[in-house]
Amino acid sequence: MDYFRLPSFMKKISIEHCLTELRIPPEFVALHAAQLPFDCRLVMPSGQSWQVRLLNIASGCHFHTGWSEFRLANNIIHDDVLTFTMVDAGIFHVKRYNPRTGCPRLSNLQEDEYGGSDHSDAPDVNTSDDYVPSDTEGGDSSEEDDYAPDPGVLDDGCPTFTVTMDRSNISRSLEIPMAFWRRHIRMNSLQYPVYFNVNGDSWFIVIDHSDTNIWVKRGWRRFKEANNIVVGTRCHFKLIDRNEVQFYVWFDRE
């Protein structure tokens, strides 16, 4: 299923009730209790994540231990509106909105996404930042024959492409099939960053493109080192959000 159909809920923050814990709507719990482990993870658009523990008491199911740290770290204040989208068991993508404008608070995007985090878009040294693939190196990835859906992946409505890492991927960068992008994502999204999500952690990835190729310009070195990607690793990229361009990534290792 597409990202917008994943289980989600919304909460308007009240300091009176949400200072030390956040109650999950009982209707959400009733439908998805089997996917709510003791330890959950809250992931902000910057890619930073916080572990929170669930507490089941008479009043309901709550984000408890770790919630205060999450609230303070993200400067969540009274009347903020948060949306929680469950992308995997216990893993929630959280978005924060200003109730007066209905838009995300710009401070979150500007300070977190462009800050000094290990998951930020700071240039990678001596890796993909200056890399530009040649047509002879990777071929013309605009041809439809260069992309076919991965037959080994469950068809849940989210398109997936797979890359088996070679020496060029490890020493230089990753290319995203142009045919995949044209088929599933708006072309004007090429000017924006994308996100790679792995088990609750997210990486802010800057891409670049030519008429025939799309490649990772910044963020690849950190991503491959953090996830121990080596020659022969088979990486699956599942598109879970076509609008903000987010991929859920998992690995098969030899």
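Each reported figure results from applying straightforward, stated rules to the coordinates on display, with no laboratory input. This one's a predicted model, so the numbers in the text were calculated from it and none came from an experiment. Here the Cβ positions follow ideal geometry from the backbone for every residue, glycine too, while neighbour counts run over all protein chains shown.
Calculated from the alpha-carbon coordinates, the range 1-105 shows an Rg and a Dmax of 12.9, 37 Å respectively.
Could you calculate the contour length gain from V198 to V29, that is, 0.36 nm times the residue separation minus the distance between their Cα atoms, to one decimal place in nm?
That works out to 58.4 nm of additional length.
Remark on the range 170-249: Rg and Dmax equal 12.1, 33 Å (Cα only).
Working from label points 7 Å from Cα in the Cα-to-Cβ sense, the A89 to F38 distance is 1.4 nm.
Summarising the amide proton neighbourhood of R242: residues at separation of 5 or more, or on other chains, whose placed amide H is nearer than 5 Å comprise Y3.
In this simple spin-label model, placing a label point 7 Å from the Cα along the Cα-to-Cβ direction at both A58 and E16 gives a separation of 2.1 nm. Under 5 Å from the amide H of R41 lie the amide H atoms of V52, I91, F92, each residue being 5 or more positions distant or on a separate chain, with H modelled from the backbone and absent for Pro and chain starts. For K224, a cut-off of 18 angstrom between C-alpha atoms picks up these lysines, skipping any fewer than 8 places away in its own chain: K238.
Full extension of the chain between R242 and S168 yields a length gain of 23.9 nm, computed as 0.36 nm times the residue separation minus the alpha carbon distance.
Can you list the lysines whose alpha carbon sits under 24 Å from that of K12, skipping same-chain ones fewer than 8 residues off? Reachable lysines: K95. Taken one residue at a time, the phi angles of the range 59-65 give Karplus couplings (6.51, -1.76, 1.60, θ = phi - 60°) of 7, x, 9, 10, 6, 10, 4 Hz. Gly and Pro are set to x.
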